[in-house]
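Below is one structure, written out as structure tokens, with a few remarks after it.
What follows draws every value from the coordinates through simple rules; no lab data is involved. For clarity, every value in this text was computed on a predicted model and none was experimentally measured. Cβ coordinates were reconstructed from backbone atoms using ideal geometry, including for glycine residues, and neighbour counts include every protein chain displayed.
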Amino acid sequence: MIFAVILSAGESSRMGRPKALLPIDGQTFIERIVATLKQSGIERILVVLGFNAEEMRREIEHLPVEIVINRAYQQGQLSSLQVALRRLNGVKDCDAILVHLVDHPYLSAAVVNGMIDRYRETKNCIVIPKYRGKRGHPVLFDRSLFAELLAAPLDQGAKAVVNAHRDQTLEIDTEDIGVTLDIDTPELYRQHVKGE
């Protein structure tokens, strides 16, 4: 089984308010991402919260997700991913994780399904979508890399693990700009989202 992990622990300091709760097409960013993952057939979704965790939990507890809290969220994204991995460590049927960022709301089910299909066909341990030469999100990691991700240096992030496995990384080209559309400032929000 492939689990999804949504990283939503940061302070959203550049945006000025929680990115997870920004409106987009009648939903919030996180509602849209969760709906897309469910549409893709992902059964279990973990959301990692950090900054203002209890308030955020109240806002998203209606969603079909498992909430985990990263108390050390200021240590960066990898620390949040490690919290999720520790939660999944004893889960026998977790074959891989699909890691997504909450400020990438334009996730498409077609991209997710394509990544999962190619992962199963090729047995590559990392799968990354690319839009016009630029790597994006989500990123799929096989279970065989969980220990390495847990041991990776926080200042280097998951990139350290990706760089160590270039020969086992599958890049999938897509014409879906959503994989690289990182909406983390009010300017980018106004430019790309007609949700307000």
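Just one of TYR119, TYR106 is under 30 Å from ASP25 (Cα atoms), hydroxyl-bearing (Ser, Thr, Tyr) and not in a strand (DSSP E or B); which is it?
Result: TYR106 is the single residue among TYR119, TYR106 that is under 30 Å from ASP25 (Cα atoms), hydroxyl-bearing (Ser, Thr, Tyr) and not in a strand (DSSP E or B).
If you check LEU154, LEU188 for being free of Cβ contacts under 8 Å to residues at least 12 places away in the same chain and more than 24 Å from MET1 (Cα to Cα), only one passes: LEU188. Scanning the stretch 127-147 for residues that are crowded, with 17+ Cβ neighbours inside 10 Å and more than 19 Å from ARG86 (Cα to Cα) yields VAL127, ILE128, PRO129, TYR131, GLY136, HIS137, PRO138. Number of residues in the stretch 107-125 that are more than 22 Å from ASP167 (Cα to Cα) and surrounded by fewer than 22 Cβ atoms within 10 Å (Cβ to Cβ) equals 4.
From the list VAL83, VAL111, VAL47, the one residue that fits, being outside any helix (DSSP H, G or I), of a type outside the set (Phe, Trp, Tyr) and out of contact with any Cys (no Cβ under 9 Å at 6 or more places or on another chain), is VAL47. Can you pull out the residues in the stretch 173-185 that are outside any strand (DSSP E or B), under 26 Å from LYS123 (Cβ atoms) and over 17 Å from the mean Cα position of the chain (by Cα)? Within the stretch 173-185, GLU175 is the sole residue that qualifies. Selection of the stretch 20-71 for residues being buried (at least 18 other Cβ atoms within 10 Å of the Cβ), farther than 22 Å from PHE3 by Cα and touching a Phe, Trp or Tyr at 6+ places or on another chain (Cβ under 8 Å) yields only LEU22. Whenever a residue of the stretch 62-87 is within 22 Å of LYS38 (Cβ to Cβ) and touching a residue at least 24 places away in the same chain (Cβ under 8 Å), its partners that are surrounded by 19 or more Cβ atoms within 10 Å (Cβ to Cβ) and hydroxyl-bearing (Ser, Thr, Tyr), lying with C-beta atoms within less than 8 angstrom and at least six residues away or across chains, give the pairs SER80/TYR73. Checking each residue in the stretch 149-167 for being surrounded by fewer than 16 Cβ atoms within 10 Å (Cβ to Cβ), over 18 Å from the mean Cα position of the chain (by Cα) and not hydrophobic (A, V, I, L, M, F, W, C) picks out PRO153, ASP155, ASN163, ARG166, ASP167. Condition check for LEU170 on (1) in a helix (DSSP H, G or I); (2) touching a residue at least 24 places away in the same chain (Cβ under 8 Å); (3) hydrophobic (A, V, I, L, M, F, W, C): one failure, at (1).
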